[in-house]
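Here's the structure we're looking at; comments come further down.
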């Protein structure tokens, strides 16, 4: 019997949006009303995009992330260093998309724990093939969809510095070391019990 997990391929539009996250969180500090912040960003083109569609797509992605972050994590993103921001962006991706979460835990984390320092494109394709055996949704994905998912997930993990490219199709696994303040908070908050597992710090 195949798994009933609802894997989604919708993450192919996902971007890290590091600067855009900063813009939104700064505006929310001044005005907590999302609609007002949204209108301000669109009217002034604060994301500096070439189309309204791109701006609204980015806003949708950021709003989803803000539903994952409580207020202390929002403040941690605003005040944090690049490493903390990387960890928060990575956690938001894996909390939003089961496929990305499973890949990090079942492939990246597993290989790191087994002292395998690198992952490859073949590792991703093998992971998706296993999921296709478990999920009717994944089994129906086209080669193009799988290729797009690979590019997005690997790029995101690379930009968050969980992976570092060493050659074409091969990446070094690099755990993210967060600040003591962020570490203490996620360690003490049940809601984020898996945070350090995702960033390979536990």
How many residues does segment 160-182 contain that are touching a helix residue (DSSP H, G or I) at 6+ places or on another chain (Cβ under 8 Å) and farther than 20 Å from residue 112 by Cα?
-> 3
When residue 44 is evaluated against the numbered criteria (1) under 30 Å from residue 184 (Cβ atoms); (2) over 14 Å from the mean Cα position of the chain (by Cα); (3) surrounded by fewer than 19 Cβ atoms within 10 Å (Cβ to Cβ), which criterion, by number, is the only one it fails?
-> (1)
For segment 138-146, state whether one or more residues are in contact (Cβ under 8 Å) with a residue 40 or more places away in the chain, closer than 15 Å to residue 94 by Cα and assigned by TED's automatic domain parsing to the domain that holds residue 107.
-> no
Specify the residue that is farthest from residue 22 (Cα to Cα); the eligible residues are those in segment 47-61 that are surrounded by 10 or more Cβ atoms within 10 Å (Cβ to Cβ) and without any contact (Cβ under 8 Å) to a residue 12 or more places away in the chain.
-> 52
Regarding residue 105, is this residue more than 23 Å from residue 20 (Cβ to Cβ), without any contact (Cβ under 8 Å) to a residue 12 or more places away in the chain and assigned by TED's automatic domain parsing to the domain that holds residue 164?
-> no
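Here is a yes/no grid of residues against (1) in a helix (DSSP H, G or I); (2) within 30 Å of residue 136 (Cβ to Cβ); (3) under 19 Å from the mean Cα position of the chain (by Cα):
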position	(1), (2), (3)
20	yes, no, yes
28	yes, no, no
36	yes, no, no
49	no, no, no
53	yes, no, no
67	yes, yes, yes
Among helices (runs of 4 or more DSSP H) entirely inside segment 86-202, those with 2 or more residues being buried (at least 18 other Cβ atoms within 10 Å of the Cβ) are 98-103, 121-134, 136-139, 143-159, 180-188, 195-198
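The values are calculated or read from the model by the stated rules, or taken from the named source; none is laboratory data. None of the values given here were measured: they were computed from a predicted structure. Backbone-built Cβ (ideal geometry, glycine too); neighbour counts: all protein chains shown.
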